[in-house]
1. Starting from the Kirkwood Rh over alpha-carbon pairs, what translational D in µm² s⁻¹ does the chain have by Stokes-Einstein at 10 °C and 1.306 mPa s?
2. What number comes out for the charge environment of Arg112, summing +1 per Lys or Arg and -1 per Asp or Glu over other residues with Cβ under 13 Å away?
3. Efficiency by 1/(1 + (r/R0)^6): what FRET value for Asp146 and Arg113, r their Cβ-Cβ distance, R0 = 25 Å, to the nearest 0.05?
4. State the Kirkwood hydrodynamic radius of the stretch 47-121 in Å, one decimal place, computed from all pairs of distinct Cα atoms.
5. R0 = 25 Å: FRET efficiency of Asn127 with Ala13, Cβ-based, nearest 0.05?
6. Summing -39500 (n - 2.57) over the DSSP H runs of n ≥ 4 in the chain and dividing by its residue number, what mean residue ellipticity at 222 nm do you reach, to the nearest 500 deg cm²/dmol?
7. Using alpha-carbon pairs under 8 Å, 6+ residues apart, how would you state the relative contact order of the stretch 6-114 in percent?
8. Count neighbours as other Cβ atoms within 10 Å of each site's Cβ, and list the trypsin sites (Lys or Arg not before Pro) in the stretch 100-144 that are DSSP loop with at most 16 such neighbours.
Amino acid sequence: MANGRITVRKAQAGDVAALKQVLRETFEGTWLPHITQASAQRYVETDLGGRYVEESWPEFTIAEINNEIAGLIHWRGDFIEAVHVRASHQGQGVGGKLLSHAEQAIRAAGYRRVRLETDTFNERAQNVYKALGYVEKDRYPDDEWDSGFTTVLFEKRLG
């Protein structure tokens, strides 16, 4: 378990630099080993992660451990757009805490299900989602990375 307590809060403007770092770390650790060189170059040159943070940070919820951002989650409607947990905090319950928080908010907004995606190579994420009650609903080509991936759609019914 984490050395400190996991706290969850809305992102603030002062978090933007740290949020960009979280996305940079998860890109390098999770995606970079699997995507094509052209996709990696496009991601870096267009600062895709940085632009995403700048545009969407007001909608982010973050998890902190000992006043350090350990992860983030972003959802719209019943769809979780992004879940990122720093490698140094994986396996400490951060992802589960963020997902639980999002599920509660999504349920409170009147939705009866929550959906999210990952790619087939990301077995760690798939295992986390399954352990938390998510069920695979579909598979389709991933057009985001242009690397021949297959996207897996997961869904969880909210009681």
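The numbers here are math on the coordinates, done by the rules we state, and not lab data. The model shown is predicted, which means the values in this text are computed figures rather than measured ones. FYI the Cβ positions are ideal-geometry reconstructions off the backbone, even for glycines, and counts take in every protein chain you see.
1. 98 µm²/s
2. Summing Lys/Arg as +1 and Asp/Glu as -1 gives +2.
3. Here the calculated transfer efficiency is 0.30.
4. 13.1 Å
5. Efficiency computed from Cβ-Cβ geometry: 0.15.
6. So the helix-based figure for the chain works out to -10000 deg cm²/dmol.
7. 30 percent
8. Hits after loop and neighbour filter: Arg112.
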